[in-house]
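Q: Have a look at this one.
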């Protein structure tokens, strides 16, 4: 009787995990944004930035990158992700700030940038996140997906050296 109970619990657990994965996958696929021939990403500044020395106890380091829609249709920006839990990112469009995005968070947020307008991606790095063992060089990435077929995924890079 006890063996049957354990088998039933294992089976139910597997069923819940598989079902949850199916739901998450179907939510992701329903998020698909259609590409536009006339939404054009223009990143006028470099997509990388080196902070140089970042003081371990000096608070967060931030850098903003501009993403411009130089096309004639709405530019959609979505699926913002960072490469590490120590790094967060958010978008600001027309004065409206998105939620913060991280490494493992999923968001249904979609930003829309009108033709001729800009979005600002702000990257926030916490040099104390990894503790004292996090001293040394860092190289972090933030990815942003768009509906511009020619630039469907943008990658922004921040680097530096965390120092005591």
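Quick note: the coordinates plus some simple rules give every number you see, no bench work behind them. Values in this document were obtained by computation on a predicted structure and should not be read as measured data. Cβ coordinates were reconstructed from backbone atoms using ideal geometry, including for glycine residues, and neighbour counts include every protein chain displayed.
Q: Taking the radius of gyration and the Kirkwood hydrodynamic radius from Cα positions alone, what is the Rg/Rh ratio for region 41-163, to two decimal places?
A: Reported Rg/Rh, Kirkwood definition of Rh: 1.00.
Q: Subtracting the Cα-Cα distance from 0.36 nm times the residue separation, let me have the gained length for residue 45 to residue 90 in nm, one decimal. Spell out each step's value before the answer.
A: Working: separation 45, 0.36 × 45 = 16.20 nm, distance 1.77 nm.
Here the segment from residue 45 to residue 90 would lengthen by 14.4 nm.
Q: Report the full-extension gain for the segment residue 130 to residue 83: residue separation times 0.36 nm, less the Cα-Cα distance, to one decimal in nm. List each step's numbers first, then the result.
A: Details: separation 47, 0.36 × 47 = 16.92 nm, distance 1.39 nm.
My answer for the length gained is 15.5 nm.
Q: Could you compute the FRET efficiency for residue 163 and residue 97, with r as their C-beta to C-beta distance and R0 at 30 Å, rounded to 0.05? Kindly include the intermediate steps, with their values, before the conclusion.
A: Values: r = 30 Å, r/R0 = 1.01.
Using R0 = 30 Å, I get an efficiency of 0.50.
Q: If you don't mind, another one. FRET efficiency for residue 74 and residue 2, Cβ-Cβ distance as r, R0 = 41 Å, nearest 0.05?
A: Details: r = 60 Å, r/R0 = 1.46.
Efficiency at R0 = 41 Å is approximately 0.10.
Q: Project the alpha carbons of region 119-164 onto their principal axes and report the range along each, largest first, in whole Å.
A: Result, largest extent first: 43, 16, 13 Å.
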